[in-house]
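Reading through the structure tokens given below for one structure.
The values are calculated or read from the model by the stated rules, or taken from the named source; none is laboratory data. Here the structure is a predicted model, which means the values were calculated and not measured. Note that each Cβ is placed from the backbone with ideal geometry, even for glycine, and that neighbours are counted across all protein chains shown. Keep in mind that these areas ignore ligands, DNA and RNA; they rest on the heavy atoms of the full protein, side chains included. Shrake-Rupley method; radii C 1.70, N 1.55, O 1.52, S 1.80 Å.
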Amino acid sequence: MRVGFLTSGGDCQALNATMRGIAKTLYRNVPDVEIIGFIDGYKGLMYGNYKKLKPKDFVGILDQGGTILGSSRCPFKMMRVIEDGFDKVEAMKKTYYDLKLDALAVLGGNGSLKSANMLAQEGLNVIGLPKTIDNDTWGTDYTFGYQSAIDIATHYLDEIKTTAASHHRVMVIEVMGHKVGHICLSAGIASGCEIILIPEIPYDINEVAAAIKRRQAEGKTYTVIACAEGAISKEDALLKKKKYKEKVAARNGRSVVHEVAEELAQLCDAEIRVSCIGHAQRGGRPVPYDRMISTRFGIEGARLIMNRSFGRLVVLYHGEVGSIPLEDTAGKLDYVDVNGKIVENIRLMGVCLGDNPEAEEEARRIAKEKKKAKREKKTKEE
Ligand code: F6P
């Protein structure tokens, strides 16, 4: 049996741990197995750039960050686009068949899993493993890398506190997560931030300023705001996608945290600084939880391969490792549940999420009553 591995998209912790889990299980249970590692993700598959891996390549990598294979971003929307006469999909299929692969394990996030699903639909024996610090893959409760990223982001938010306190400043900290707020919410809670801004809950800058003022009135001399890189204001959330994209482009590489800070400077009596944690959130060694879950994911991946159960994504569901069809997850994102228990509970504790649900509810109620009164008046007049 010959199995290909590739790690695609943004790297994260525990990619190596996951590959080790698959490899060890295959070596143990399939006597003649050969593992081929494609270099730099789908690019390696497209250009036939690979190396034959040996059991010793998987030794000592359980806690090693990054990926022994290298990674690259090959956007899904470009996969079927022929560039300079190069047909990427046909090239990948050719490499797969030339190498006489029996299976291909793709360790990737949302875009990479869409491509994996496409290859499965093209007839290749593909399995997916859910990789991303963002934890936004639909159909799994967990994507490996997430806990390690939370660990780093929390540590960063904790460290900022002492300097924020010394200078009595408001610090707006950018946390990764792409279009979702899982890392920001978790790290924000873990670090005790009283203001957390996530994409799923568009913020009103006046509410954020009011929360800072409340803290100041309570004698708290500094504030650390955990702000997701995808956080969005209520006004921007109303913009058409194209207009919003134009607005983001006009920021010239400066992210939403700068906008938040500039607006807060107009509304609050405080010195404000911004800081971005950045790619460090994807770096370094995986935390024990990621090593453990990735090992379990890897074993399940190997089981799928041994059972010839292809076109599936390994997932964690209610504490159990299992799998779902790749086509079920492709193209869907797993957002923070804004009506869920976590959000409900931290609101109860007084954490500001940049909105004011009670006031919004009250405004909706008043508007509804006004409408009703108008209708009744009209009926009476008729
Ligand atoms: O998907 C992981 C992630 O780290 C996101 O949180 C972030 O938006 C993005 O990748 C950054 O991508 P790049 O490494 O291409 O800058």
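Brief remarks on what is shown
- 23 Å Cα-Cα reach of residue 370 towards lysines, excluding residues that sit fewer than 8 places from it in its own chain: 378, 380
- Whichever aspartates and glutamates have a C-alpha closer than 19 Å to that of residue 77, once near sequence neighbours (fewer than 8 apart) are set aside: 40, 87, 90, 122, 136, 327, 328
- Amide H partners (placed H, <5 Å) of residue 194, local residues excluded: 224
- Taking the accessible area of region 148-282, probe 1.4 Å, and keeping the other protein chains in place, the carbon and sulfur fraction comes to 52%.
- Charge-dipole axis of region 1-43 as Lys and Arg at +1 and Asp and Glu at -1 on Cβ define it, positive-most pick from 4, 39, 25: 25
- For region 345-357, the Karplus equation 6.51 cos²θ - 1.76 cosθ + 1.60, evaluated at θ = phi - 60°, returns couplings of 5, 6, 5, 4, 7, x, 5, 8, 9, x, 10, 9, x Hz by residue, with Gly and Pro reported as x.
- The tail of the calculated P(r) for the chain beyond 38 Å holds 30 percent of all Cα-Cα pairs.
- In summary, the aspartates and glutamates within cross-link reach of residue 374, defined as a Cα separation below 19 angstrom excluding same-chain residues under 8 places away, comprise 362, 382.
- Expressed to the nearest 5 percent, the antiparallel share of DSSP beta bridges inside the chain is 25 percent.
- Scalar couplings 3J(HN,Hα) for region 188-197, obtained by applying the Karplus form with A = 6.51, B = -1.76, C = 1.60 to θ = phi - 60°, are x, 5, 4, 9, x, 5, 9, 10, 9, 10 Hz; x denotes Gly and Pro.
- Checking the cross-link pairs 131/332; 56/94; 179/247; 54/93; 43/179 against a 19 Å limit on the alpha carbon distance flags 56/94; 54/93; 43/179 as lying beyond it.
- Under-5 Å amide H pairs with residue 34, H placed in peptide plane, nonlocal only: 2, 3
- Averaged per residue, region 207-299 has 55 square angstrom of accessible surface, using a 1.4 angstrom probe with ligands and nucleic acids left out.
- Cα gyration tensor category, rounded, prolate or oblate, for region 148-282 with a/c compared to 1.5: oblate
- Within the shell of other residues whose beta carbon sits under 14 angstrom from the beta carbon of residue 37, the net charge comes to +4, with Lys and Arg scored +1 and Asp and Glu -1.
- Amide proton proximity set for residue 169, modelled H, under 5 Å, gap of 5+: 223
- Whole-Å distance, taken between Cα centres, linking region 48-97 and region 357-372: 54
- √(5λ) per eigenvalue of the Cα gyration tensor, region 257-365, largest first, Å: 40, 22, 14
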